[in-house]
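Undergrad: My questions all concern the structure below.
Nothing in this text is a laboratory measurement; each read-out follows from the coordinates by a stated rule. Computed from a predicted model, the values in this text were never measured in an experiment. Every residue, glycine among them, receives a Cβ derived from its backbone with ideal geometry; neighbour counts consider all protein chains shown.
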Amino acid sequence: MANINIKLRKAQANKKDEFYTQLNDIENELRHYKEFFKNKTVLCNCDDPRVSNFFHYFSYSFEHLGLKKLITTCYKSQNADLFSRNDSEKAVYLEYTGDKNGDRIPDKSEIGIKELKGDGDFRSKECIELLKQADVVVTNPPFSLFREYVSQLIKYEKKFVIIGHQNAITYKEIFPLIKENKIWLGYGFKGGAGHFINPYYEDYATAGNHKDGMIRVSGVVWFTNIETTKRYEELELYKKYNPIEYSKYDNYDAINVDKTSEIPIDYEGMMGVPITFLDKYNPNQFEIIDGIGRYSILDNERTKKEGKYLSMINGQAKYFRVIIKRK
Ligand SMILES: C[S@@+](CC[C@H](N)C(=O)[O-])C[C@H]1O[C@@H](n2cnc3c(N)ncnc32)[C@H](O)[C@@H]1O
């Protein structure tokens with residue numbers, strides 16, 4: 001019984017990662033990187049080709065984008081029946097090198113299906129071998145493994161366009177990459193929220209954010225390390241600094257700005273802005289200095305020892321703030 005309970009709980013947790021990206025969201029983002037994909041090997045490594053629109057997008061756009069190869073790996077346990085022994089079906093990966101019979105459709109006979117030895121975990125040795133072959137990785141990875149997922153991409157020096165939650169900006173593993181301009185945000189979702197296909201929507205029933213097999217997830221963004229023109233758009237500002245409206249933090253030498261659009265045009269010192277600023281961040285216009293909440297994200301040990309709440313004004317805590325400075 002205990003064993004079944006553990007299995008049940010694990011299955012519940014896994015289900016939270018089971019939502020699928022819509023084709024038009026993929027198209028809307030990837031149209032901005034079209035030139036980049038020419039002659040590239042693309043890997044989608046969290047994608048069951050039976051349901052993944054990433055696989056659909058790249059296989060159907062193969063010739064249009066001028067791709068070299070598409071590799072898709074499927075994580076097996078997502079299809080495992082909770083009460084089966086989970087060993088009946090092997091994980092597979094697919095390789096597609098383009099249309100051969102001239103009908104411009106990826107046919108079954110043109111898609112090479114190969115078995116994996118393990119379960120298709122992106123961290124497994126055989127999946128890492130496939131990663132090494134790839135130039136660029138594009139997917140919506142499990143949010144619960146986002147830190148590890150990104151670390152692996154950085155370790156193997158891969159280009160990527162992936163979906164994640166904006167809260168990942170505040171992770172100590174991710175923030176330094178953003179500060180050092182090794183990762184930035186892509187074009188994003190309309191209204192800052194994505195609608196994903198969710199086969200387990202009954203699990204979200206109490207959240208009130210599901211509809212017709214879809215789930216609305218607010219705060220989802222695209223993370224990438226591929227150049228975009230959006231990244232160099234100047235943020236237009238109109239407000240002037242005054243010390244009444246822009247208070248300083250009690251324990252950090254920066255002014256607080258509650259909305260990105262209210263960043264004062266004429267302030268040269270450090271400013272604390274909400275994480276949504278990253279969507280407008282132009283590295284030629286601003287420099288990222290740090291991230292603060294209770295402590296500094298970059299100087300965590302020292303500030304923790306000091307024990308002073310950093311993003312506080314007159315004893316009232318603010319949310320996490322990105323500390324920036326005009327260039
Ligand atoms: C948010 S879903 C997105 C699925 C698909 N990429 C899409 O966008 O439609 C994340 C997927 O990662 C899979 N997954 C979970 N853990 C994984 C792992 N360790 N390795 C590879 N894939 C994993 C899940 O089964 C799930 O299908």
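Undergrad: For residue 35 and residue 316, calculate 0.36 nm times their separation in residues minus their Cα-Cα distance, and state this gained length in nm to one decimal.
TA: 96.4 nm is the gain from fully extending residue 35 to residue 316.
Undergrad: Do any GluC sites (Glu not before Pro) in region 237-327 lie in a DSSP loop with no more than 13 other beta carbon atoms within 10 Å, and if so, which?
TA: Here the GluC sites (Glu not before Pro) that fit, given the DSSP loop and packing criteria, are 268.
Undergrad: Report the GluC sites (Glu not before Pro) located in region 131-188 that are in a DSSP loop and have at most 10 other Cβ atoms inside 10 Å of their Cβ, or state none.
TA: Numbers: sites: 148, 157, 173, 180; in loops: 157, 173, 180.
Here the GluC sites (Glu not before Pro) that fit, given the DSSP loop and packing criteria, are 157, 180.
Undergrad: Another one. So between residue 276 and residue 182, what do we pick up on full extension, going 0.36 nm a residue minus the alpha carbon distance? Please list the in-between numbers first.
TA: Values: separation 94, 0.36 × 94 = 33.84 nm, distance 1.79 nm.
Gain on extension, residue 276 to residue 182, equals 32.1 nm.
Undergrad: Moving on. Which FRET efficiency value, to the nearest 0.05, do you get for residue 105 and residue 237 by plugging their Cβ-Cβ distance into 1/(1 + (r/R0)^6) with R0 = 41 Å?
TA: 0.25
Undergrad: Got a sec? Charge dipole of region 233-326, +1 on Cβ for Lys and Arg, -1 for Asp and Glu; which of 242, 288, 300 is way out at the positive end?
TA: Of the options given, the answer is 300.
Undergrad: Using a Gaussian network for the chain with springs between C-alpha atoms less than 10 Å apart, which of these wobbles most: 316, 152, 285?
TA: 316
Undergrad: When the label point is put 7 Å from the Cα of residue 305 along its Cα-to-beta-carbon vector, which residues of region 239-263 have a backbone N closer than 20 Å?
TA: Zone members listed by number: 251-253.
Undergrad: How large is the dipole of the chain about the Cα centre if only Lys and Arg carry +1 and Asp and Glu carry -1, each at its Cβ, rounded to the nearest 20 debye?
TA: 580
Undergrad: Need one number: nm distance between label points at residue 148 and residue 92, each 7 Å from Cα along Cα→Cβ, rounded to one decimal.
TA: Output for this residue pair reads 2.6 nm.
Undergrad: Further, regarding this structure: Where does each of 113-123, 136-146 land if you order them by average Cβ count within 10 Å, highest first?
TA: 136-146, 113-123
Undergrad: So which trypsin sites (Lys or Arg not before Pro) in region 154-185 are both in a DSSP loop and have at most 15 other Cβ atoms within 10 Å of their Cβ? Walk me through the numbers on the way to the answer.
TA: Numbers: sites: 155, 158, 159, 172, 179, 182; in loops: 158, 172, 182.
Hits after loop and neighbour filter: 172, 182.
Undergrad: For region 233-326, take N as its residue count and report Rg(C-alpha) divided by 2.2 N^0.38 Å.
TA: Compactness ratio reported: 1.04.
Undergrad: Determine which lysines satisfy two conditions relative to residue 172: a Cα distance under 22 Å, and not lying fewer than 8 residues away in the same chain.
TA: 155, 158, 159, 182, 280, 304, 305, 308, 318, 325
Undergrad: Given N residues in the chain, what is its alpha carbon radius of gyration divided by 2.2 N^0.38 Å? Walk me through the numbers before you get to the answer.
TA: Working: Rg = 22.1 Å, N = 327, 2.2 N^0.38 = 19.9 Å.
Against the empirical 2.2 N^0.38 Å value, I get 1.12 for the chain.
Undergrad: So what is the 222 nm mean residue ellipticity for the chain from helices alone, if each DSSP H run of at least 4 adds -39500 (n - 2.57) and you divide by all residues, rounding to the nearest 500 deg cm²/dmol?
TA: Taken over the chain, the calculation gives -5500 deg cm²/dmol.
Undergrad: On a straight-distance basis, which aspartates and glutamates could pair with residue 190 in a cross-link, Cα separation under 16 angstrom, same-chain partners fewer than 8 positions away excluded?
TA: Correct list for residue 190: 25, 27, 29, 279.
Undergrad: So, one more: Just tell me which lysines come within less than 17 Å, Cα to Cα, of residue 16; anything on the same chain fewer than 8 places away is out.
TA: List returned: 7, 76, 211.
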